[in-house]
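> Take a look at the following structure, please.
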Amino acid sequence: MFAVKRSLKLNNNEATLMAKHAGWRRLVFNFGLSLRTQMYSEGKLSDSKVIDEVKKVLTNHVKKQPEFAWMNQLSSRVYQNALIDLKDAFSRYRAGKAGHPKFASRRDGQSFRVDSSNGKVLLSAGNTIKIPSLGTFRLHEALECGYVSQTFTISKEGSRWFVSFCVDAERLPVQQPKSSVGIDVGIKSFAMLSNQQVFEAPKPLKQAKTKLATLQSQASRQVKGSNNQRKTYNKIRRLHAQIACIRKDFLHKLTTYLAKTFKLIKIEDLNIKGMMANHKLAGAISDLGFYEFKRQLDYKCLMYGANLVLVDQWFPSSKTCSNCGSKKDMPLGFRTYDCPACGISIDRDWNASVNILNWEPSAGGG
């Protein structure tokens, strides 16, 4: 299974329609959360039946009120999926996988989900897409082939609307031209390969930091809820979207290249949460997207038939000489590994990537 995402080419009326549905989803979710919390605290119903009761109240009472007549003009699938999202949020909360559900805010982003009540639909190749219960819309980038899917997520990033959907299919494994590689990821260079290839990451957040700080400061001084503040927040959202797109483009291109080039890929199983605790590194780590790199590489290796091996996070790849195996301390400021035992002098990151390539499970930590 893989996801397809395309930018929608909307006119003003279509963009307004999407915004209305995003607001409709947010209203239903928040109304359901409020009603569900009240009903559950009063002990009127068992937890499994609360969402059904919320649906009855919305359908039989709220939607029939004159001031809420506009709800009947929007897709009922948005309303149904908003309550499913609420139910899933409480399931994750009860399972200890997430905190208590919070009320949705427009600042958190605008998105909603629709599906076909009649099962999966066929999407034709071309510059348009027919979204169940919403209509047919133009695309900035054409669908290169036909797809079959049932559920569609529409979201706004910056000033643009996107549609994404999952496809139940597998890509045929490719024949990777090279055998194996070890990869050391870091702050100075995003990725150093054991064959000495270096991939420098774009640093979009760092480059936009000054502009972002200026806009945020400007928004804080403006009248809360005013048109000027709303315009400033739109600029901030567009800047964040641009940053996210640059980072996403880099990671997708790199992980696709690796999965299609090497039969065996070894990377460190980094403790991202622990690294983020270091306030000196947290900003750079967040900007570079180490977790997303690992996530994408994982599913793309499965997609293209490559083998991904996670090296023990406690393996001292930076402290070990890749030539003779001796160890020494290597503070972050040292960029060259000078071995006191064999005399070799080698780039710190290259040395680590070779050690990662040569790592075997029996080597353990240390």
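The values are calculated or read from the model by the stated rules, or taken from the named source; none is laboratory data. Computed from a predicted model, the values in this text were never measured in an experiment. Glycine gets a Cβ as well: all are built from the backbone with ideal geometry, and neighbour counts include every protein chain shown. Note: accessible area is taken over every heavy atom of the protein model, side chains too, but ligands, DNA and RNA are not part of it. Shrake-Rupley method; radii C 1.70, N 1.55, O 1.52, S 1.80 Å.
> On the protein heavy atoms, probe 1.4 angstrom, tell me the percent of accessible surface of the stretch 308-364 carried by carbon and sulfur. Don't jump to the answer; show the numbers that get you there.
Details: 1660 of 3030 Å².
With neighbouring chains kept in place, the figure for the stretch 308-364 is 55 percent.
> With every protein chain left in place, what is the accessible area per residue of the stretch 77-132 in square angstrom, probe 1.4 Å? Working shown, then result.
Working: 3320 Å² over 56 residues.
Here the per-residue accessible area is 59 Å².
> Still on this model: Can you tell me the length gained on complete extension of the stretch K328 to Q65, counting 0.36 nm per residue apart and subtracting the Cα distance? Kindly include the intermediate steps, with their values, before the conclusion.
Working: separation 263, 0.36 × 263 = 94.68 nm, distance 7.38 nm.
Net length gain for the segment: 87.3 nm.
> Taking a cut-off of 29 Å between Cα atoms, list the lysines near K328, but don't count ones fewer than 8 places away on the same chain.
Leaving aside lysines fewer than 8 places away in the same chain, those within reach of K328 are K188, K266, K273, K280, K294, K319.
> By how many nm would the segment from R92 to L310 grow when fully extended, if each residue of separation counts as 0.36 nm and the alpha-carbon distance is taken off?
This chain segment gains 75.7 nm when fully extended.
> Suppose we keep just the alpha-carbon trace of the stretch 25-120; what are its Rg and Dmax in angstrom?
13.8, 40
> Cross-link list K9/K130; K5/K206; K231/K253; K63/K156: which exceed 22 angstrom alpha carbon to alpha carbon?
Violating the 22 Å Cα-Cα cut-off are K5/K206; K231/K253; K63/K156.
> Follow-up. When the convex hull of the Cα atoms of the chain is projected onto a plane and the area is averaged over all directions, what value comes out in nm²?
Orientation-averaged projected area of the Cα hull: 23.6 nm².
> Sort the following peptides by mean Cβ neighbour count (other Cβ atoms within 10 Å, averaged over residues), highest first: 52-58, 65-71.
Taking the mean over residues of other Cβ atoms within 10 Å, the ranking is 52-58, 65-71.
> Leaving out ligands, DNA and RNA, what percent of the accessible area of the stretch 41-127 is carbon and sulfur, probe 1.4 Å? Please report the intermediate quantities before stating the final value.
Working: 2600 of 5490 Å².
Taking all protein chains in place, the stretch 41-127 shows 47 percent carbon and sulfur surface.
> Show me the GluC sites (Glu not before Pro) within the stretch 98-188 that DSSP assigns to loop and that have at most 15 other Cβ atoms within 10 Å of their Cβ.
Filter output for the stretch 98-188: E144, E170.
> Extension gain A213-K248, at 0.36 nm per residue separation less the Cα-Cα distance, in nm?
Taking A213 through K248 to full extension adds about 10.4 nm, to one decimal.
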